[in-house]
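Structure first, commentary second.
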Amino acid sequence: MADRGLTGILLVGGASSRFGSPKELAEYGGETLGDRAWRLLGEACDERLKVGPGGLADPGTGPVAAIAAALRAASHEVAVVIPVDMPLLTVEALHALADACRDAAVAQDGPLPCAVARRWRRSFETEERRLRTVLAALDTAHIELDPALLLNVNTPGDVGL
């Protein structure tokens, strides 16, 4: 595990309707997307939390409620949140989000990946289901990351899966 006071939150779930099967089980670069994302969080953070099947919340709750559940369980003041379907993210990108976080921080294409200050967890305990809307109500920093890192896998063909 990394030696950094940072919580990593992995969002696993969603219907995967465009993908056709659970994304976390799809293989990329010799490992599943789920294992790859979990490893990345282990390299970037000293605490990891999974939200979704086998994790903290029902995957049908949506990202806002999922993040709220993870922030309630988080030990550190800042958490980075990643979806399982961004296999090209790096430790440096996650640390850049964490370093820019006042209330929250997002990359240019947001809302994910993002960093969120745990003290704002009540902002996520809402009926609002759109993560962009919740983040817009906070003092959210916007940072530029290499666009290639933000590849979001929506179909098996997106990265040759």
Determine if the stretch 119-127 includes at least one residue that is in contact with a helix residue (DSSP H, G or I) (Cβ under 6 Å, 6 or more places away or on another chain) and closer than 30 Å to G30 by Cα.
no
Helices (runs of 4 or more DSSP H) within the stretch 52-161 that include 3 or more residues in contact (Cβ under 8 Å) with a residue 12 or more places away in the chain and on the phi > 0 side of the Ramachandran plot
none
Would you check if there is a residue in the stretch 5-26 being modelled with pLDDT of 90 or more, over 22 Å from R122 (Cβ atoms) and out of contact with any Lys or Arg (no Cβ under 8 Å at 6 or more places or on another chain)?
no
Verdict on D146 being surrounded by fewer than 18 Cβ atoms within 10 Å (Cβ to Cβ) and either in contact with an Asp or Glu (Cβ under 9 Å, 6 or more places away or on another chain) or modelled with pLDDT of 95 or more (or both)
yes
Could you please let me know if V78 is surrounded by 16 or more Cβ atoms within 10 Å (Cβ to Cβ), among the β-branched types (V, I, T) and over 30 Å from G30 (Cα atoms)?
yes
Among (1) at pLDDT below 85; (2) of a type outside the set (V, I, T); (3) on the phi > 0 side of the Ramachandran plot, there is one condition G29 misses while meeting the rest; what is its number?
(1)
Quick one: D103 ticks every box in (1) surrounded by fewer than 22 Cβ atoms within 10 Å (Cβ to Cβ); (2) at pLDDT 90 or above; (3) closer than 23 Å to L33 by Cα; (4) among the charged types (D, E, K, R) bar one, so which box is it?
(3)
The stretch 100-122, residues that are of a type outside the set (A, V, I, L, M) and either within 16 Å of V64 (Cβ to Cβ) or in contact with a Phe, Trp or Tyr (Cβ under 7 Å, 6 or more places away or on another chain) (or both):
D103, G110, P111, P113, C114, R118, W120, R121, R122
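The values are calculated or read from the model by the stated rules, or taken from the named source; none is laboratory data. The shown structure was predicted, so the numbers you read here are calculated from the model rather than taken from an experiment. Positions of Cβ are generated from backbone atoms using ideal geometry, with glycine treated the same way; all protein chains shown enter the neighbour counts.
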